[in-house]
Every structure is written in C-alpha cells, then in structure tokens.
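Note sheet for the following structure.
The values are calculated or read from the model by the stated rules, or taken from the named source; none is laboratory data. Quick caveat, the model's predicted, so the values are computed rather than measured. Every residue, glycine among them, receives a Cβ derived from its backbone with ideal geometry; neighbour counts consider all protein chains shown. Quick note on the areas: whole protein, heavy atoms, side chains included, nothing else; ligands and nucleic acids left out. Shrake-Rupley method; radii C 1.70, N 1.55, O 1.52, S 1.80 Å.
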Amino acid sequence: MILEALNYAGTYWKTEPAFRPHIRYSVNLWARANRCATAWGEHEENSKRFILSTASRLRQRRTAVILGSGLLRDVPWRQLSAAFDTLVLVDLVHLSSVRAKLYRRKYRNVVLNSRDLSGYDMLKEGIDIEPLSFLRQVPYLDLVVSANLLSQIGTGARHRMEQDGANGVPEDMLHRLIQAHVDGLSGLPCKVCLLTDTGFDIIDRTGKVHQHEDLLHGVQVPNIAQQWDWPVAPFGEESKDYQIVHRVVASNLR
C-alpha cells in the first residue's frame, strides 16, 4: 500500500485536473500487474513482438504514436525510441513510475501526451465522434499503435454513464465509441496495428466457463493476424476457485 500511495502522490500534480479521477485506476492496475507479473508475461511479450514486427516492415521510421501507452509493460518503448526519431506516448494518465523509467535513462525523443481517446464527451455533445483527429496534425507520422486500449473505451464510458446518468445517451453508445476508434485508425495515412482484448471468460478449476462477456459490444476487429489468451486475474487474484481469462487479438489495420 505504501508504494501505491507514493505512486499516486507522485502522479497527482503531474496530471491535468480533469484526468485526476483516473489515477486510482492506473495505480490499481500497476499494483495488479506487479502481483500477476508471471501470469501476464506471455501476453506482454506477444504484444511487444507484434508491434516490433510491424515496425520492422517500415521503410521510414520518423514518428511513432502509441495510443493507450499505460504502464509500458506491453509496449517495446525502448526499441521504438531507438528506432524512431520521435516516440509519442498517449494516455489519460502517465504514472510517476512510468515517468521515472523515461527520465532516469533520458529518453529525450519520447513525448508524453495526456488525452481522452474515448470520444465520450463528443458523443454526449452530439458532435462527430473523432477522438483521433489530432493525429492528422502529427508530422511525419509513420506508425500508430492502439495498445490494449479498445476494450477500455467501452468500460470507461460505461462507468462515466453510470456516474453522469443515462439521460440523452444513445442505447448503442458503447458500440459507437468503439467503432469510432477502429474507423479512426483505419482512416490514417500510415501503418497501423491494433491490439485489444475482445472478451473474457470466468473459468473454474475444472475448466468450466461460468460467464462470458463481449468487451467490444459487437464491434468486429478486421485483419486479425494473431490471437492469444491473457489471464488477467489468475487463480488466487480475485478468487481461489476461478480465473478470468481475456482473449486478445492483434491486427494490422493498415
């Protein structure tokens, strides 16, 4: 708990006030990732290999943007920083533990950008849902990676809707926000890869599936190249009797 409190405190003043309510989630995720490091290892390595494989096929490596950079555990940021002129990491919150990794080694070509990528406010205001339109202003853009972010758009929007109330929110809100992200990526004039968990199963020790959830609310990911399982909550994390296993896909959208 002490390390979590220090990480929270170190992040608070570096985070825009509008995004500070999300710090607690990021710190909790950081703590779980540390506890479940062994169980998450294969997923993290699979994600890194897929991103590096995509980057290796580029003829130019000027600017790369990582959407949903998070804890940097599933992003090969050191290799990307070395390969590209500029690496931009985009997320709601950049924990102090993440900043320490970057500043300790003086990765001067890495840029942190705090941004809401969900499109939730755009939808509520009734304007076109284009949360990725800012990418059109990024010069010399050669690679965009959506890194295990897509499902979180729906999860985060549902939590906000529960807090704000559902008045005026379309019934297909979650589907529309997730689809807008996929469409925004597909329309970019550069190489794009998408990694996301698509759903999860709650499984007991006999292998019986007790519950399945679709995290993408009916949205289909095109051009899937690889897929694997990610035990987000292995036995003992939430219960000694069951585990929660997410299905992850990796796609070359462009």
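Numbers for the structure displayed
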| read-out | value |
| --- | --- |
| Whichever residue in region 222-254 is in contact (Cβ under 8 Å) with a residue 60 or more places away in the chain and of a type in the set (A, V, I, L, M, F, W, C) and, among such residues, is most open to solvent (accessible area, probe 1.4 Å) | ALA225 |
| Of all residues making up region 192-216, the number that are open to solvent by less than 50 Å² (accessible area, probe 1.4 Å) and assigned to a strand (DSSP E or B) | 13 |
| Sole exception among (1) modelled with pLDDT of 95 or more; (2) surrounded by fewer than 20 Cβ atoms within 10 Å (Cβ to Cβ); (3) part of a helix (DSSP H, G or I); (4) of a type in the set (A, V, I, L, M) for LEU58, by number | (3) |
| Single residue of ASN7, ASN46 found to be over 27 Å from TYR120 (Cβ atoms), open to solvent by less than 30 Å² (accessible area, probe 1.4 Å) and either hydrophobic (A, V, I, L, M, F, W, C) or touching a residue at least 40 places away in the same chain (Cβ under 8 Å) (or both) | ASN46 |
| Residues (over 11 Å from LEU253 (Cβ atoms) and crowded, with 21+ Cβ neighbours inside 10 Å) located in region 174-191 | LEU174, LEU177, ILE178, ALA180 |
| Out of SER151, SER146, sole residue that is polar (S, T, N, Q), farther than 20 Å from PRO189 by Cα and surrounded by 15 or more Cβ atoms within 10 Å (Cβ to Cβ) | SER151 |
| Meets criteria (assigned to a helix (DSSP H, G or I) and either free of Cβ contacts under 8 Å to residues at least 24 places away in the same chain or of a type outside the set (D, E, K, R) (or both)) for ARG176 | no |
| Options VAL169, VAL93: the member that is over 29 Å from ARG57 (Cα atoms), at pLDDT 95 or above and in a loop (DSSP other than H, G, I, E, B) | VAL93 |
| Hits in region 227-254 (condition: within 23 Å of GLY187 (Cα to Cα) and not in a strand (DSSP E or B)) | LEU253, ARG254 |
| Residue match in region 27-41 (condition: within 30 Å of PRO189 (Cβ to Cβ), part of a helix (DSSP H, G or I) and out of contact with any Gly (no Cβ under 6 Å at 6 or more places or on another chain)) | no |
| Residues satisfying the stated conditions in region 94-108, i.e. under 16 Å from VAL75 (Cβ atoms) and surrounded by 15 or more Cβ atoms within 10 Å (Cβ to Cβ) | HIS94, LEU95, SER97, VAL98, LYS101, LEU102, TYR107 |
